[in-house]
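**Student:** I have a structure here, written as structure tokens, and I will follow up with some questions on it.
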Amino acid sequence: CVLRKIAEKTPLQRLLEHLLRSMEKRDPQQFFAWPVTDNIAPGYSQIITNPMDFSTIKQKIDDNNYQNLNDFIDDFKLMCDNATTYNHPDTIYFKAAKKLLHVGLKMVIPDKLKQLRSVLV
Ligand SMILES: CC(=O)c1cc(-c2ccccn2)c2ncccn12
């Protein structure tokens with residue numbers, strides 16, 4: 001039988017998984033949980049060239065695809081910016097994206113991260 005390599009998490013992966021869980025808690029309606037489809041959002045794939053969602057971010061963490069915290073933050077910002085690009089300002093999705101971006105970026109302020117160090121080490 002092929003020996004399965006148990007995926008041990010690097011410190012960065014553990015930090016990113018913690019941040020992702022905290023961000024997902026701020027999206028209770030799960031608007032950002034899965035890729036947006038053209039079915040629910042007409043013309044989405046023509047308007048949004050680089051789609052992003054929490055499930056894709058999770059997969060990238062598990063694949064150790066993020067080299068640093070900023071690459072993770074870039075995908076989080078991309079996900080929120082896509083929502084404010086595609087959706088009109090008077091929609092629940094636009095408003096949810098604005099709030100999520102604000103809350104998510106507060107989590108990665110250096111002083112906030114320092115508080116995390118003790119929790120995660
Ligand atoms: C994030 C986003 O742009 C989004 C999520 C959704 C969504 C996500 C889950 C369930 C229902 N709708 C959506 N629907 C229509 C237009 C845009 N969206």
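**Student:** Among the residues of the stretch 95-111, what is the count of those that are assigned to a helix (DSSP H, G or I) and either loosely packed, with under 12 Cβ neighbours inside 10 Å or hydroxyl-bearing (Ser, Thr, Tyr) (or both)?
**Tutor:** First pass over the stretch 95-111, keeping only residues assigned to a helix (DSSP H, G or I): 95-107, 110-111.
With the extra rule that they be either loosely packed, with under 12 Cβ neighbours inside 10 Å or hydroxyl-bearing (Ser, Thr, Tyr) (or both), the set shrinks to 102, 106, 110-111.
Result for the stretch 95-111: 4.
**Student:** Hey, could you check the stretch 1-52 for residues that are in contact (Cβ under 8 Å) with a residue 60 or more places away in the chain and within 14 Å of Ala97 (Cβ to Cβ) and say which is surrounded by the fewest Cβ atoms within 10 Å (Cβ to Cβ)? It would help to see each step written out before you state the result.
**Tutor:** Going residue by residue through the stretch 1-52, those that are in contact (Cβ under 8 Å) with a residue 60 or more places away in the chain are 11, 14-15, 18-19, 22-23, 26-27, 29, 31-32.
Imposing the further condition that a residue be within 14 Å of Ala97 (Cβ to Cβ) reduces the set to 23, 26-27, 29, 31-32.
Numbers: Met23: 21, Arg26: 14, Asp27: 19, Gln29: 9, Phe31: 17, Phe32: 25.
Among residues in the stretch 1-52 that are in contact (Cβ under 8 Å) with a residue 60 or more places away in the chain and within 14 Å of Ala97 (Cβ to Cβ), the one surrounded by the fewest Cβ atoms within 10 Å (Cβ to Cβ) is Gln29.
**Student:** Is there a residue in the stretch 99-113 that is among the β-branched types (Val, Ile, Thr), in contact with a Leu (Cβ under 8 Å, 6 or more places away or on another chain) and either under 17 Å from Arg26 (Cβ atoms) or without any contact (Cβ under 8 Å) to a residue 40 or more places away in the chain (or both)?
**Tutor:** Quick first cut of the stretch 99-113, residues among the β-branched types (Val, Ile, Thr) only: 103, 108-109.
With in contact with a Leu (Cβ under 8 Å, 6 or more places away or on another chain) added as a condition, the list becomes 108.
Add one more test, that the residue is either under 17 Å from Arg26 (Cβ atoms) or without any contact (Cβ under 8 Å) to a residue 40 or more places away in the chain (or both), and what stays is 108.
For the stretch 99-113, residues among the β-branched types (Val, Ile, Thr), in contact with a Leu (Cβ under 8 Å, 6 or more places away or on another chain) and either under 17 Å from Arg26 (Cβ atoms) or without any contact (Cβ under 8 Å) to a residue 40 or more places away in the chain (or both): present.
**Student:** Take the residues in the stretch 53-66 that are of a type outside the set (Asp, Glu) and without any contact (Cβ under 8 Å) to a residue 24 or more places away in the chain; name whichever of them is farthest from Tyr86 (Cα to Cα).
**Tutor:** Among them, the one singled out is Asn65.
**Student:** Taking helices (runs of 4 or more DSSP H) that fall entirely within the stretch 1-94, which contain at least 2 residues that are within 16 Å of the ligand (Cβ to nearest atom), modelled with pLDDT of 95 or more and among the charged types (D, E, K, R)? Break it down into steps so the answer makes sense when it comes.
**Tutor:** On the way: elements: 11-25, 44-47, 54-62, 69-86.
Answer list for the stretch 1-94: 69-86.
The values are calculated or read from the model by the stated rules, or taken from the named source; none is laboratory data. If you're wondering where the values come from, they're calculated on a predicted model, not measured in any experiment. In this analysis, Cβ positions are derived from the backbone assuming ideal geometry, glycine residues included, and neighbour counts consider all displayed protein chains.
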